[in-house]
Amino acid sequence: MTRYALLALALLGCSSPKETPPHPRTIELAVDSHWRIIDVAIAAKEWELCGVIINVHLGQPTSVDDYTVLLSPDLPLAGQFVEEDRQILYSGSADRKTFAHEIGHLLGLGHASSGVMRQGPSYAHVTQKECDALK
């Protein structure tokens, strides 16, 4: 396992005390690049506020229920969720906020006027309003 993957696993194990719903939803994300796994892991961690547990691992999906995070160099956007293929595509300009935003689409959220689901560049974090929209 690369040191990037180990760092990502360490980040996933660190959490601040937050109130989570009693029955969390769990999602598996397979990331194609050790260069992006840390950004994806940090983005996934943000959704814990909403009771969503996202396990991030490097490599190929381990089941048909997994989602994949794949580099798409010709993508005109920083990121895009493709529901029918269970994929988050990203370009070279993607960052952890891009991944948090695309995970929001994976969870069924649309664009919003504020929060991480705001369309366009954003420095916001997942908000309670976004968590409430998942219920």
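The values are calculated or read from the model by the stated rules, or taken from the named source; none is laboratory data. What you see is a predicted model, and the numbers here were worked out from it, not measured in a lab. All Cβ positions, even for glycine, are placed from backbone atoms using ideal geometry, and neighbour counts span all protein chains on display. Side chains are part of the model used for accessible areas, which takes the heavy atoms of the whole protein and leaves out ligands, DNA and RNA. Shrake-Rupley method; radii C 1.70, N 1.55, O 1.52, S 1.80 Å.
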Can you pull out every residue in segment 37-72 that is part of a loop (DSSP other than H, G, I, E, B) and out of contact with any helix residue (DSSP H, G or I) (no Cβ under 8 Å at 6 or more places or on another chain)? Gly59, Gln60, Pro61, Thr62, Ser63, Val64, Asp65, Asp66, Ser72
Looking only at residues in segment 80-95 that are closer than 18 Å to Glu46 by Cα and modelled with pLDDT of 95 or more, which one is surrounded by the fewest Cβ atoms within 10 Å (Cβ to Cβ)? Phe81
Can you tell me which residue is farthest from Glu28 (Cα to Cα) among those in segment 41-79 that are surrounded by fewer than 21 Cβ atoms within 10 Å (Cβ to Cβ) and of a type in the set (Val, Ile, Thr)? Ile42
Of the residues in segment 96-135, how many are open to solvent by 50 Å² or more (accessible area, probe 1.4 Å), within 22 Å of Trp35 (Cβ to Cβ) and not hydroxyl-bearing (Ser, Thr, Tyr)? 2
